[in-house]
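Below is one structure, written out as structure tokens, with a few remarks after it.
The values are calculated or read from the model by the stated rules, or taken from the named source; none is laboratory data. Here the structure is a predicted model, which is why all the values come from computation and not from measurement. For neighbour counting, all protein chains shown are included, and Cβ atoms are generated from backbone atoms with ideal geometry for every residue, glycine included. All accessible areas refer to the heavy atoms of the entire protein, side chains included, with ligands and DNA or RNA removed. Shrake-Rupley method; radii C 1.70, N 1.55, O 1.52, S 1.80 Å.
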Amino acid sequence: QAKSLFVCKVKKGKFKMGITEILLIGIGLAMDAFAVSVCKGLSMKKMSWKKAIVVGVYFGIFQALMPVIGYFLGITFESLVTKIDHWIAFGLLVFIGGNILKEAFDKDCENCNDSVDFKTMLILAIATSIDALAIGITFAFLNVNLPLATAMIGIITFALCVIGVKIGNKFGDKYEHKAEIVGGLILILMGVKILLEHLGIL
């Protein structure tokens with residue numbers, strides 16, 4: 001019984017989220033943190049792998065933790081929304097993806113300094129992981145292995161953020177907005193896929 005708290009039961013008719021879907025969502029979620037990591041690298045006069053790892057650890061931990069919190073919030077209300085759960089998952093994913101796209105076009109490089117102190121990184125990690133909280137809520141309505149999903153999201157975020165610092169330091173902010181656009185589109189398409197499969201179109 002304890003195990004069922006962390007691994008969703010197989011739910012008939014629910015969208016089954018496999019490794020490929022989790023991988024894509026992990027990449028989509030990580031793009032906001034990746035963009036901030038690029039900024040961090042851009043502000044470094046000399047590449048610091050130590051700082052890059054610190055950035056990756058902060059973002060990775062929070063991106064992995066937030067879906068767990070969201071999942072438990074979701075299962076609290078799951079029984080009340082079982083008839084429209086697929087629409088909720090679709091709506092949240094499209095909303096989050098659309099918001100990421102909007103931010104990609106609206107904002108310039110924020111917090112462009114190389115500080116990785118606790119206060120700075122805590123604020124940035126929370127700010128960039130709010131979307132992951134909402135994704136966790138959608139997990140409650142899907143057939144997904146929560147430990148696997150959160151571990152993959154955390155590892156993907158860590159790796160992409162370390163790479164992002166290096167890219168920012170070497171190439172500047174050339175890839176920051178492009179990454180966010182890709183991330184937003186991935187989440188929107190995943191939401192559409194969930195809805196279409198539920199409607200029997202796919």
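Here is the figure for the stretch 124-174: residues that are within 16 Å of the chain's Cα centre (by Cα) and closer than 21 Å to Ser48 by Cα total 11.
With at pLDDT 85 or above, aliphatic (A, V, I, L, M) and either closer than 20 Å to Ser43 by Cβ or open to solvent by 10 Å² or more (accessible area, probe 1.4 Å) (or both) as the only criterion, which of Ile167, Ile135 stands out? It would help to see each step written out before you state the result.
Values: Ile135 fails: either closer than 20 Å to Ser43 by Cβ or open to solvent by 10 Å² or more (accessible area, probe 1.4 Å) (or both).
Just a single option satisfies the conditions, and that option is Ile167.
Please determine, by comparing only the residues of the stretch 176-202 that are charged (D, E, K, R) and surrounded by fewer than 20 Cβ atoms within 10 Å (Cβ to Cβ), which one is modelled with the highest pLDDT. Spell out how you get there, then give the answer.
The initial filter retains those residues of the stretch 176-202 that are charged (D, E, K, R), namely 176, 178, 180, 193, 197.
From what is left, the residues that are surrounded by fewer than 20 Cβ atoms within 10 Å (Cβ to Cβ) are 178, 193, 197.
On the way: Lys178: 77, Lys193: 86, Glu197: 81.
Once the filter is applied, the top-ranked residue is Lys193.
In the stretch 8-29, of all residues being closer than 9 Å to Asn145 by Cα and surrounded by 13 or more Cβ atoms within 10 Å (Cβ to Cβ), the one that is modelled with the highest pLDDT corresponds to Met17.
Each residue in the stretch 45-71 was checked for being surrounded by 15 or more Cβ atoms within 10 Å (Cβ to Cβ) and either among the aromatic types (Phe, Trp, Tyr) or not in a helix (DSSP H, G or I) (or both), and 5 of them qualify. Taking (1) surrounded by 16 or more Cβ atoms within 10 Å (Cβ to Cβ); (2) more than 13 Å from the chain's Cα centre (by Cα); (3) at pLDDT 85 or above in turn, Lys119 satisfies each apart from (1).
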